[in-house]
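Student: Handing you this structure, nothing more for now.
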Amino acid sequence: MVESFLNLFEQIGYGGIIFLMLLESTVFPVPSEVVMIPAGVLAAQGRMNPWLAIIMGILGSWLGALTNYYVAIWLGKPVLNKYGRYMFLPPHRLAAVERFFLRHGEISTFTGRLIPGIRHLISIPAGLARMDLTRFLFFTGLGAGIWVSILVGIGYFAGRELEKISSETITQLWNRYSLAITLGLVLFCVVTIGGYILWHRHHRRTGGK
């Protein structure tokens, strides 16, 4: 079962990674784990370049994030201004979200890409706030790069002993480490945000000097 899936994944190649990660970064239910971990397994077997797989994963994440970003610009604000009150997001609160992203969009985009359940949605408020595109792409790529590299690393580790691996043990491997990885990333985000808050307060007290 594992080998058949890997053969299929090898056939879709790097283009498939881009496409699937594009979907993962929008609103389609394509878990990044089922995209990047097999890429890592193939890399361990010499059937795929791990660095190129990571780059393609980041590129797909960029494209998906840009899709959400521009959809939010073109459609999001008018729709939310009209219907946001029914989703507990009235115009004044929507304006507050925009102001927040204008001031803190970088840290929100970066850490949001690392948190499950948020990573594929964080581009929407960025688009609503019309966050600077260059900064949006940089911090999206930085966060996506960390996440994609972790998944490829897990797959690479698993792929080194593929002969001993079944679909069950791959699932067990992910289940064993997913909680620790998620908690580690959340802790990293908390520390990063805490450092950012301290820096921001110091910067404000010193008048930007």
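The values are calculated or read from the model by the stated rules, or taken from the named source; none is laboratory data. Please read these numbers as outputs of a predicted model, since none were measured by experiment. Don't worry about glycine lacking a Cβ; one is built from the backbone with ideal geometry, like all the others, and counts go over all protein chains shown.
Student: Evaluate the following for Leu151: is it modelled with pLDDT of 75 or more and within 25 Å of Leu22 (Cα to Cα)? Outline the logic, then answer.
Tutor: Working: modelled with pLDDT of 75 or more: yes; within 25 Å of Leu22 (Cα to Cα): yes.
Answer is yes for this residue.
Student: Which one of these does Val190 not meet: (1) surrounded by 14 or more Cβ atoms within 10 Å (Cβ to Cβ); (2) out of contact with any helix residue (DSSP H, G or I) (no Cβ under 7 Å at 6 or more places or on another chain); (3) modelled with pLDDT of 75 or more?
Tutor: Failing condition for Val190: (1).
Student: For the range 42-57: of the residues being out of contact with any Asp or Glu (no Cβ under 8 Å at 6 or more places or on another chain) and crowded, with 21+ Cβ neighbours inside 10 Å, which is nearest to Ser123 (Cα to Cα)? Give the steps one after another, and end with the answer.
Tutor: Step one: filter the range 42-57 for residues out of contact with any Asp or Glu (no Cβ under 8 Å at 6 or more places or on another chain), giving 43-46, 49-57.
Next cut, crowded, with 21+ Cβ neighbours inside 10 Å only: 43, 53-54, 56-57.
Details: Ala43: 30, Ala53: 23, Ile54: 20, Met56: 19, Gly57: 17 Å.
Looking at the filtered set, the residue picked out is Gly57.
Student: Please determine, by comparing only the residues of the range 83-132 that are surrounded by 15 or more Cβ atoms within 10 Å (Cβ to Cβ) and either among the acidic types (Asp, Glu) or at positive phi (or both), which one is modelled with the highest pLDDT.
Tutor: Ranking the candidates gives Arg130 first.
Student: Next question, about the same structure. Report, by residue number, each residue of the range 150-162 that is in contact (Cβ under 8 Å) with a residue 60 or more places away in the chain, surrounded by fewer than 19 Cβ atoms within 10 Å (Cβ to Cβ) and not hydrophobic (A, V, I, L, M, F, W, C).
Tutor: So in the range 150-162, the residues in contact (Cβ under 8 Å) with a residue 60 or more places away in the chain come out as 151-160, 162.
Restricting the remaining residues to those that are surrounded by fewer than 19 Cβ atoms within 10 Å (Cβ to Cβ) gives 153, 157, 160, 162.
Scanning the range 150-162 gives Gly153, Arg160.
Student: Considering only the range 16-50, state which residues are free of Cβ contacts under 8 Å to residues at least 12 places away in the same chain and over 23 Å from Pro116 (Cα atoms).
Tutor: Gly46, Asn49
Student: Between a first residue in the range 105-119 that is over 15 Å from Val190 (Cα atoms) and a second residue that is part of a loop (DSSP other than H, G, I, E, B) and of a type in the set (A, V, I, L, M, F, W, C), which pairs have beta carbons less than 6 Å apart while being 6 or more apart in sequence or on different chains?
Tutor: Filtered contacts from the range 105-119: Gly105/Met131.
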